[in-house]
Each structure stands twice: as C-alpha cells, then as structure tokens.
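Shown next, in structure tokens, is the structure this report addresses.
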Amino acid sequence: MSAPLQIGIVLFPRVTQLDFTGPLQVFSSVPGANVHLIWKRIEPVASDSVLTITPTVSFADCPQLDVICVPGGLGTDDMINDEEMLAFLRRQARAAKYITSVCTGSLVLGAAGLLQGYRAATHWTAMDFLAAFGATPTKTRVCVDRNRVTGGGVTAGIDFALTLVSLLVDRRTAEAIQLRLEYNPAPPFNSGSPDTAPPEVLAFMQDKIAASQLRRAEMIAKAGARLQSSGLTAP
C-alpha cells in the first residue's frame with residue numbers, strides 16, 4: 001500500500017485567501033491525501049481580507065511534503081526577504097515531487113532560488129519581477145515546467161490544482177473533482193486580463209496599484225541581490 005500524498009500550503013500574513021482556498025478545496029478531494037496548512041507557528045494568520053486562518057502544522061513539525069505550494073498576496077512582498085520562510089522552502093524542495101505556487105507566490109519561490117532556469121506564471125502585475133530570480137515569465141493560466149507548476153493570478157488557483165491532481169494521480173480523478181465542485185466558470189464580464197479589460201478599467205487599476213508596485217520593486221531588488229550573492233541554485 002502506497003503512502004498517502006503529503007500536500008502542504010504555506011500561509012503568511014496578508015495572504016490572499018482565494019489563492020489557497022481554491023486549491024485547498026481541490027486537494028482535499030484527492031483520495032487519501034493529507035493536506036497541511038503551514039506557518040512558522042500554530043497561531044492565527046490574518047489574510048488580506050476579513051478571514052483569519054489557523055495553520056495545522058508549524059515549519060518545525062511539518063513532515064516531508066510531496067507537494068509544497070506557496071499562494072500569493074500582498075504579504076509576499078515581505079516573504080521574499082524572510083529567511084525563515086525561504087529556508088523552509090529550500091529544505092522541503094530537496095525531496096518534494098512538485099514545487100508549486102499560485103499568483104505572486106512564484107516570487108517567493110524565486111527568492112528562495114527555486115525558479116532559476118524555469119518557466120513560471122504569476123499574477124499579471126508581477127510578470128516583470130520574475131526575471132530578477134532567473135525565471136522566464138510565462139503568460140499562461142497554468143505553467144508546468146518539469147516539477148515546477150505555477151498558477152496565474154488568484155482565480156487560476158483552481159485550474160492549477162486540477163492540473164496538478166492530473167499529474168499526481170490521473171486525469172479521471174481531476175475531472176471527477178472538477179465535476180464535484182461544478183467548476184464551470186462563465187464570468188459576467190471579459191475584464192479578467194489586461195489584454196481584454198477595457199482600457200479605462202486597466203488604467204484605473206494601474207493607477208490604484210502604482211504605490212504598491214514601487215514597494216514591490218524595492219523588495220524584489222533586495223531579494224534578487226541576496227540571491228545573487230548567495231550563489232543558490234535550484235535543486
């Protein structure tokens with residue numbers, strides 16, 4: 001009898017809850033899988049909304065994972081320079097079958113040195129930052145490059161998780177989970193991408209995020225410099 005899959009989703013302050021709750025719902029439907037919510041300590045973690053999440057295991061007590069997943073959110077700007085987080089990811093990556101992310105979680109993988117030489121997806125606002133970590137930005141809903149599987153922005157988390165289940169188990173299992181969740185999206189508007197959004201909506205959003213983009217650029221530069229000086233390479 002094979003051992004159950006160990007799937008871990010890392011939490012952190014100001015995580016975007018939909019980045020991980022979508023995949024969490026999918027992963028929780030995988031027969032026999034153990035799904036963990038991981039943080040430095042067992043204490044409530046505030047998301048970027050009203051929701052607060054309680055981790056199920058600490059960094060220190062986390063078992064070796066088959067899948068390590070980093071969601072995104074504004075909190076990734078701090079995590080890309082958080083040595084405890086980056087060290088945990090590097091430790092887990094040595095033996096994990098799949099190293100994954102959703103949205104701007106790819107920036108954290110990059111800062112840990114885990115995307116050098118890999119193609120990766122991320123949120124549209126973060127595409128220009130992946131190159132600082134030696135990754136090739138890839139404009140797609142889900143990007144699979146060897147054992148790195150990265151999802152685009154927020155709602156791509158479900159697509160990402162179903163794709164990963166098809167790789168971990170099989171397509172039939174992934175399709176059954178999709179049917180169980182009735183995942184059959186039909187958005188009311190076609191403004192979910194900078195390529196399709198009305199120009200005035202795109203301009204509004206770009207103006208709204210300008211200050212946070214400047215801060216992110218500063219944190220990325222700091223993390224990129226540290227990665228270069230450390231000489232870390234992806235396993």
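The values are calculated or read from the model by the stated rules, or taken from the named source; none is laboratory data. In this text, all values refer to a predicted model and were calculated from it rather than measured experimentally. No Cβ is skipped: glycine too gets one built from the backbone with ideal geometry, and neighbour counts run over all protein chains shown.
Could you please find all residues in region 1-48 being in a loop (DSSP other than H, G, I, E, B) and either of a type in the set (Ser, Thr, Tyr) or touching a residue at least 40 places away in the same chain (Cβ under 8 Å) (or both)?
First, the residues of region 1-48 that are in a loop (DSSP other than H, G, I, E, B): 1-5, 11-14, 16, 28-33, 40-44, 48.
Scanning region 1-48 gives Ser2, Leu5, Leu11, Phe12, Pro13, Arg14, Thr16, Ser28, Ser29, Val30, Pro31, Lys40.
Count of region 81-131 residues, restricted to those that are assigned to a strand (DSSP E or B) and surrounded by fewer than 15 Cβ atoms within 10 Å (Cβ to Cβ), is 0.
Applying the criterion of at least 1 residues that are over 14 Å from the mean Cα position of the chain (by Cα) and among the charged types (D, E, K, R) to the helices (runs of 4 or more DSSP H) found wholly in region 133-210 leaves 171-180, 199-208. Just wondering, is there one or more residues in region 215-222 that are part of a helix (DSSP H, G or I), at pLDDT 95 or above and surrounded by fewer than 10 Cβ atoms within 10 Å (Cβ to Cβ)? No, there is no match, as no residue in region 215-222 is part of a helix (DSSP H, G or I), at pLDDT 95 or above and surrounded by fewer than 10 Cβ atoms within 10 Å (Cβ to Cβ). Do we have any residue at all in region 42-56 that's touching a His at 6+ places or on another chain (Cβ under 7 Å) and closer than 17 Å to Gly151 by Cα? Among the residues of region 42-56, not one is touching a His at 6+ places or on another chain (Cβ under 7 Å) and closer than 17 Å to Gly151 by Cα, which makes the answer no.
Can we say Arg215 is over 23 Å from Thr21 (Cβ atoms) and basic (Lys, Arg)? So Arg215 passes the test. Selection over region 49-58 of residues that are part of a loop (DSSP other than H, G, I, E, B) and in contact (Cβ under 8 Å) with a residue 12 or more places away in the chain gives a count of 5.
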